[in-house]
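Novice: Questions regarding the structure given below will be posed in turn.
All of the numbers you see were taken from the coordinates with simple rules; none came from a lab. Just so you know, these numbers come straight off a predicted model, no measurement behind them. As a convention, Cβ positions derive from the backbone with ideal geometry for all residues, glycine included, and neighbour counts pool all protein chains shown.
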Amino acid sequence: MSDCIFCRIAAGEIPAKKLYEDEHVLAFHDINPVAPVHFLVIPKLHVPSMAELGPEHVEVMGRVMTTAARLARENGCGEGYRTIINTGRVGRQEVYHLHVHILGGPEVLPAMLKR
Ligand code: 5GP
Ligand code: ZN
């Protein structure tokens with residue numbers, strides 16, 4: 001059994017509110033949303049973070065990003081949204097399975113970073 005929480009969600013061992021799933025990509029609602037729309041899109045393949053991406057991931061990351069764009073359109077983000085990938089210690093990554101956050105809703109989001 002994997003000790004990666006997102007691999008376990010992808011394997012169906014831990015429940016999640018899934019938005020979309022295919023052979024390569026999974027999207028599910030964040031358990032602790034910080035915006036009216038807040039979901040995560042992951043490759044099913046375990047890649048710890050964006051820092052580990054290489055040429056072998058071009059196809060799956062294309063799938064992740066185009067899925068994120070379509071799901072954003074379909075889930076109330078037609079006027080825009082924020083896409084976040086936290087990476088490593090400096091990026092305050094908490095779960096070390098690469099994931100794309102999509103954040104949105106009817107209102108304009110707060111500023112990206114505090115100065
Ligand atoms: P990170 O800081 O790594 O970019 O964000 C990890 C995100 O995963 C957080 O927003 C957190 O709320 C979410 N998360 C952590 N554990 C779970 C879980 O078991 N289920 C779901 N749906 N989201 C989770
Ligand atoms: Zn994983």
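Novice: What residues qualify as long-range amide H neighbours of Leu26, i.e. H under 5 Å apart, gap of 5 or more or another chain, H built at 1.01 Å from N?
Specialist: The list, which skips near neighbours in sequence, is Ile42, Lys44.
Novice: If you take the charge dipole of the chain about its Cα centre, with +1 on Lys and Arg Cβ and -1 on Asp and Glu Cβ, which of Val47, Ile102, Tyr20 is farthest toward its positive end?
Specialist: Towards the positive end, the residue furthest out is Ile102.
Novice: For the chain, take the longest principal axis of its alpha carbons; what is the angle in degrees between that and the long axis of helix 58-74, to the nearest 10 within 0 to 90?
Specialist: 40 degrees
Novice: Going by a ≥ b ≥ c, the root eigenvalues of the Cα gyration tensor, does the stretch 28-78 fall in the rounded group (a/c under 1.5), the prolate group (a/b larger than b/c) or the oblate group?
Specialist: oblate
Novice: Determine, for each peptide in 49-55, 98-104, 59-65, the mean count of other beta carbons within 10 angstrom over its residues, then list the peptides with the highest first.
Specialist: Working: 49-55: 12.4, 98-104: 22.3, 59-65: 16.1.
For the peptides 49-55, 98-104, 59-65, the packing ranking is 98-104, 59-65, 49-55.
Novice: Further question: Would the stretch 48-115 count as rounded, prolate or oblate if I go by the C-alpha gyration tensor, calling it rounded below 1.5 in a/c and otherwise prolate when a/b exceeds b/c, oblate otherwise?
Specialist: Oblate.
Novice: Also, quick follow-up: Taking a quarter of the surface of the Cα convex hull of the chain, what do you get in nm²?
Specialist: The orientation-averaged projected area of the Cα hull of the chain comes to 7.7 nm².
Novice: Sticking with this structure for a sec: Calculate, for Arg92 and Asp22, the FRET efficiency according to 1/(1 + (r/R0)^6) with r their C-beta to C-beta distance and R0 35 Å; round to the nearest 0.05.
Specialist: It comes to 0.75.
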